[in-house]
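**Q** Pasting a structure below so you can have a look.
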Amino acid sequence: MMFLAIPLLLLELYLSLKVGENIGFLWSVIWIVLSMSIGISLLQRSSYTMMGNLTSVKLGKLDLKSFENASMSYFVGAILLIIPGVLSDLFGVIALCYTLYLQFVAKITPEQTKFDTKKGDDDVIDVEIIDEHTDRNSRS
């Protein structure tokens, strides 16, 4: 795990310095403060998001796996926005977009119906009646 963390931290530092060079120090500070504010705001409103997800599960619009994924990606996205840096902000926005996908696109799928939509002769039982009382000689 440590072998993966060090290159990511170096990439984070490199990207943050390059973006800072291009947009300037003041805009970099504004970006960091703004993304941190958005992340904190998202964490403060997380209870409303969780209740909305639970309501979707109750209505059958989200399954439990999607609920778990949406909740985890929401929290991870909010925390990544709080961490200063370009790469962490990018990963945070991707996680939040995944959350939005699960909350809105997954809700568009039609709910399962409670009644049987098949039509036809499903209620008919096909049987063959064998008359045991007939004479065996008459069957030729």
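The values are calculated or read from the model by the stated rules, or taken from the named source; none is laboratory data. Being a predicted model, the structure only gives us computed values, none of them experimental. Positions of Cβ are backbone-derived with ideal geometry, glycine not excepted, and every protein chain shown enters the neighbour counts. All accessible areas refer to the heavy atoms of the entire protein, side chains included, with ligands and DNA or RNA removed. Shrake-Rupley method; radii C 1.70, N 1.55, O 1.52, S 1.80 Å.
**Q** Residue by residue through the range 18-38, note down the ones that are under 32 Å from the mean Cα position of the chain (by Cα) and either within 20 Å of Phe75 (Cα to Cα) or open to solvent by 80 Å² or more (accessible area, probe 1.4 Å) (or both).
**A** Trp31, Ile32, Val33, Leu34, Ser35, Met36, Ser37, Ile38 - these are the residues of the range 18-38 that are under 32 Å from the mean Cα position of the chain (by Cα) and either within 20 Å of Phe75 (Cα to Cα) or open to solvent by 80 Å² or more (accessible area, probe 1.4 Å) (or both).
**Q** What's the number of the only condition in (1) more than 15 Å from Leu102 (Cβ to Cβ); (2) among the charged types (D, E, K, R); (3) open to solvent by less than 80 Å² (accessible area, probe 1.4 Å) that Lys61 fails to meet?
**A** (1)
**Q** So Leu10 ticks every box in (1) more than 24 Å from Tyr74 (Cβ to Cβ); (2) in contact with a helix residue (DSSP H, G or I) (Cβ under 6 Å, 6 or more places away or on another chain) but one. Which box is left unticked?
**A** The number of the failed condition is (2).
**Q** Specify the residue that is nearest to Leu100 (Cα to Cα); the eligible residues are those in the range 64-89 that are open to solvent by 50 Å² or more (accessible area, probe 1.4 Å) and not in a helix (DSSP H, G or I).
**A** It comes out as Ile83.
**Q** Here is a check on your reading of the model: is Tyr48 modelled with pLDDT of 90 or more and either in a helix (DSSP H, G or I) or surrounded by fewer than 11 Cβ atoms within 10 Å (Cβ to Cβ) (or both)? Let's see the steps before the verdict.
**A** Numbers: modelled with pLDDT of 90 or more: no; either in a helix (DSSP H, G or I) or surrounded by fewer than 11 Cβ atoms within 10 Å (Cβ to Cβ) (or both): yes.
Judged against the criteria, Tyr48 is not a match.
**Q** Please give the number of the condition Met1 fails out of (1) touching a helix residue (DSSP H, G or I) at 6+ places or on another chain (Cβ under 7 Å); (2) over 20 Å from Val93 (Cα atoms).
**A** (1)
**Q** Moving on. One residue is enough: does the range 52-63 have a residue meeting the conditions more than 13 Å from the chain's Cα centre (by Cα), farther than 28 Å from Leu87 by Cβ and not in a helix (DSSP H, G or I)?
**A** Within the range 52-63, one or more residues are more than 13 Å from the chain's Cα centre (by Cα), farther than 28 Å from Leu87 by Cβ and not in a helix (DSSP H, G or I).
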